[in-house]
Structures are given as C-alpha cells and as structure tokens.
1. Please list, ordered by first then second residue, the pairs with beta carbon atoms under 6 Å, 6 or more apart or interchain, first in the range 313-339 and under 10 Å from Phe298 (Cβ atoms), second surrounded by 22 or more Cβ atoms within 10 Å (Cβ to Cβ) and of a type in the set (Gly, Ala, Ser).
2. Given the criterion assigned to a loop (DSSP other than H, G, I, E, B) and under 15 Å from Leu271 (Cα atoms), identify the matching residue among Gln229, Gln174, Gln225.
3. Can you work out which of the residues in the range 320-340 that are touching a strand residue (DSSP E or B) at 6+ places or on another chain (Cβ under 7 Å) and in a helix (DSSP H, G or I) is surrounded by the fewest Cβ atoms within 10 Å (Cβ to Cβ)?
4. Just to check your reading of the model, which residue among Ser239, Ser261 is under 22 Å from Ala165 (Cα atoms) and either of a type in the set (Asp, Glu) or more than 9 Å from the chain's Cα centre (by Cα) (or both)?
5. Step by step: first the residues of the range 290-309, then only those that are outside any helix (DSSP H, G or I) and in contact with a strand residue (DSSP E or B) (Cβ under 6 Å, 6 or more places away or on another chain), then the one that is most open to solvent (accessible area, probe 1.4 Å). Which residue is that?
6. Find the strands (runs of 3 or more DSSP E) located wholly in the range 414-482 whose residues include 3 or more that are of a type in the set (Val, Ile, Thr) and surrounded by 16 or more Cβ atoms within 10 Å (Cβ to Cβ), and list them.
7. Can you go through Ile195, Ile234, Ile246 and tell me which one is over 18 Å from the mean Cα position of the chain (by Cα), of a type in the set (A, V, I, L, M) and part of a loop (DSSP other than H, G, I, E, B)?
8. Leu498 - would you say it is outside any loop (DSSP other than H, G, I, E, B), under 22 Å from Asn303 (Cα atoms) and either at pLDDT 90 or above or of a type outside the set (D, E, K, R) (or both)?
Amino acid sequence: MKLNRSYVTLALLLFCVGLLTANLLNHTGIASAASATPAALVVPSAVQLSNSFTKIAKEAEPSVVQIVSTIQEKRTSMRGLFNGNPSGDNGDNPFGNMVPFQNMPQQQPRRAQGLGSGFVVDRNGYILTNNHVVENATRIQVKLPDGKTQYEAKLIGTDSELDLAVLKIDSGKQLTPLRIGNSDAMETGDWAVAIGSPFGLEQTMTAGIISAKGRDLGERDHQLQRFLQTDAAINRGNSGGPLLNINGEVIGINTMIVSGSGNFEGIGFALPINLAVNSYNQIVKNGKVSRGAIGIQFAREENAALLKAYGASSGVFVQQVTPDGPAAKAGMQASDIIVGIDGKNLTDGEQLVNIISAAQPGSTVHMKVLRDGKPMEVAVKIGDRAAIVADNRSGDEAAAEGEEGEATHARLGISVQNLSSSDREQMGLSTGGVVIANVAPGSFAEDIGLQKRDVIVAINRHAMNSAADVRNFMQSAKPGEAMAFKLLRNAGGNWNPLFTAGTLPEK
C-alpha cells in the first residue's frame, strides 16, 4: 500500500516538472521571435500575364487619335441675345417698352473648342470620327498618340444621317490603321473595348460587353442608325473613338450615351462599323454619300391588326406616298402593302429601308404589293434620298380647335362631328369624312394613336360620311375584331393620309 502511494507521488512530481519545462520553453520562443528583424519585402521579376486586353491596348494605341475642333462664333450685340425680346419666350417685357442693352457695342467673336476621338483607317492619314465632333468647325486638328504635335486635318466628307465624318492629315509618315471587324458577327454578351479621350484623357481604355444590338433610338434625322449598345464606359470626349471586339478589330464608332447626369451611367451606343464602311468608301471616292429612296412613309412599328384588316399577315403598310415622288410616279397608293422586293419576301420596314437606301439613285426595283387584298407588281425607279427627305420635312402645326361632337360607342372612346362643305373642300374631300372632337384618356382610340382633329375617312375600308356612320359601325363591331382606320391629319397646313389599327378590347 505504501509502495503504491510512492509511485503516485513520483508520477505527480514528474508531471509537474514537465509542465514547468514546457512553459519555460514557450516563453523563451516568444521572446526570441519578438527580438528578430522582420524580413524585407521583395518585388518579383516582371512576368507577362496572359491578358487579351493588354494585347488590344498595345495594338490599338498607335491608331487612336485625339481631335480638337475650333468653332468661331459670330459677332452678336446684346440685343441680339434676346432677339429683340428681353424677357425670353413668354413675350412679357419686365422693362416696359424698353429694350435693355440695345445700344451696347457688339461683342467680339469668341472661339470655342471641343474635344473628341477618332481612329486611323488608312496608312495615308484617313481618319474616321463622328460628324458631331467636327460639325461647324472652322479648324480641325488631330493629335497622334506618339507626340504632342497637332496636325491640321482636312474634312473629306460627312454623312449626317449616320453622324459620320472622314478626315485626312499629312503627318509625313505612314500611319498604323486599325483592323476592321464585322459588327454583324457580334452577339449580346460578347466582350467590347472602348478607347478614346474622355475629358481629354488620351488613350483611355474601358471594357464591357455588348448589351444589345440593333437599337433604334427613334431620331427623325437618323432613321438609318441601328446602334450597338454597350456597358463599356463612354464619356464626353469618347465620341468618334473605336469600339473593338476581343480580337482588337473595330466593330463600332462610339457615338452617344443615355444619362441623367451627362456622364456615363452604363448605357452607351456605338454605330456599327458595317454601316460606316459603305459611307466611308463613298466619301473617299466621291466626297459625299448617295442613298436611295422611293418617297413613302410607314409606321416604325408593325401593326398586325392593320395588316390583317387590309388582307396581309406581314409586310410594310404604306401610310403616305410623297406627291410626284418615285413611288407615286410608279402608281403606288396609300394603304398599299409591300410584301416583296426583287423576288424576296419583305418582313418589316427596317428591311425595306436597308434595301432601298443601299440602292443607287436611278436604278429600278420591282415590288410585290397587295392592294385591297389583290397582288400586283410595281416597278419603282429609285430617287435620291437626300432630296426626297428634304422635300418631306414640314412643321407639325395643329388644325383649328374643333367643337364638341357626338359620342360614339364607349369602347372606341371618341366623340365626332360632321364636316362642312368648306371643310371637305379644304381637305380635298369630295364627300365623307368625320372629324374627331375629343379622345378619351386611356381609351382604345388613344392606344392606337387617334388624335383630336383627325378626320376619319374610313373604318375597315368602309367610308364614314357622318357621325352616325361611325356610331352605327362601332355598335355592330365585336370584341377582338381588328379595326383599321384611314385618317387625314393636318401637318404644316397639309392634310396627309394616315392609317392605324388595333384589336377592339372587351370593354
């Protein structure tokens, strides 16, 4: 028993000695670490990382330029600033009959400068940029990325419809052009790289993706533009610079942004290079761009109900035909539906514009047309687009106020009144026609674009001669039925034909 107690006592003693030894060793280690000198940091040798963006930047750098445009503003007197009306647009003069500053001396002309971007497309110094970068400039200078020298640039030509300009500089040496890509090959989600001089910061590179293709921003003077949308950062000064694909090829020209602040917010637009190439080739050859047109107007968006009501499932519904234009001379009429061109089926207005604008003035196209459901062939000689578009532009002045009219069926949502003989004579109508006095907000009529003062000539090809005709026709119409309206609308004093349609709702 005493022997066992001796073993236990010895074991406890050895255990305590072990704990004490471990504790001493631990404290000794900490003290040693605390007193050691920290190791110096070392920068490793430079190693080229695998990065496609770096390669793109190096290849594109010699080709992307900065453009400085100088605009010489005209002399103005202080009175001229107000156009003789010191109060602005409302006509109320807070100075009574006085016109302040009218005897002040004329101001000296002032120079304004703008910065933009561009890129070399030919070794001999030809450069592509946006027209708005150089528009109205009295002096254009180009700064190459390899120095501070600014070269005087000559404006070779512009394409205002695509917002495109071609410049040329003589630098005394051959330049490095960017490689041209195929913008039609781009898909939503593909990488996109923008290079330019935002805020004057040269050779700024940003990357993103193609967010969308074929964006139509609905601008009247730029009907041919169909943009690539990108989230690669584009800011002021980027205009005219290239948008590149992951292979470093140009697939677009950075043109504009959508922004509430004026700076980039994730939505930028570039003109597809495929559109720009044709214009560039014409400009360097002829100094200008020639496009075809036939002198018709149609809705930008297809109206299935309107096509159905006039006997077609697809095609382009002709809203108006320009008097004495190519289409009118060929015998085309409003309400014709173009379903084919040169033996190919036609699906929408964008396809029609692309085909006609690419045709040279003086050439002839053969169109397949449906008129009142019957097919016919029409040969149209292409006219010059610039001349036809200029002739078609007119103001959108409204007609005189109409009086309250007779209410029609509630599902339509309009009130109408009969026309007088003098009204019909002014509009070129021998008989018929009913003027819209009011359009109910949120109604079927408002949804399909009917407006106050429009004149209804026909509904579903049935002539409307009185307010009673409209009321009776609508009372017999059934929900879900396609309703097509032939109208006259006043634009700049001219009564132009217009067509619209929709499917009648349940209520």
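1. Pairs that qualify, where the first residue is under 10 Å from Phe298 (Cβ atoms) and the partner is surrounded by 22 or more Cβ atoms within 10 Å (Cβ to Cβ) and of a type in the set (Gly, Ala, Ser), are Ile337/Gly315; Ile338/Gly315.
2. None of the other options fit; the residue is Gln225.
3. Ala328
4. On the way: Ser261 fails: under 22 Å from Ala165 (Cα atoms).
Result: Ser239 is the single residue among Ser239, Ser261 that is under 22 Å from Ala165 (Cα atoms) and either of a type in the set (Asp, Glu) or more than 9 Å from the chain's Cα centre (by Cα) (or both).
5. In this case the residue turns out to be Gln297.
6. Passing ranges, in order: 434-439, 455-459.
7. That would be Ile246, the only listed residue that is over 18 Å from the mean Cα position of the chain (by Cα), of a type in the set (A, V, I, L, M) and part of a loop (DSSP other than H, G, I, E, B).
8. yes
The values are calculated or read from the model by the stated rules, or taken from the named source; none is laboratory data. Nothing here was measured: the structure is a model prediction, and the numbers come from that model. Ideal geometry is used to build each Cβ from the backbone, glycine not excepted, and the neighbour counts take in all protein chains shown. Side chains included, ligands, DNA and RNA excluded: accessible areas come from the protein's heavy atoms. Shrake-Rupley method; radii C 1.70, N 1.55, O 1.52, S 1.80 Å.
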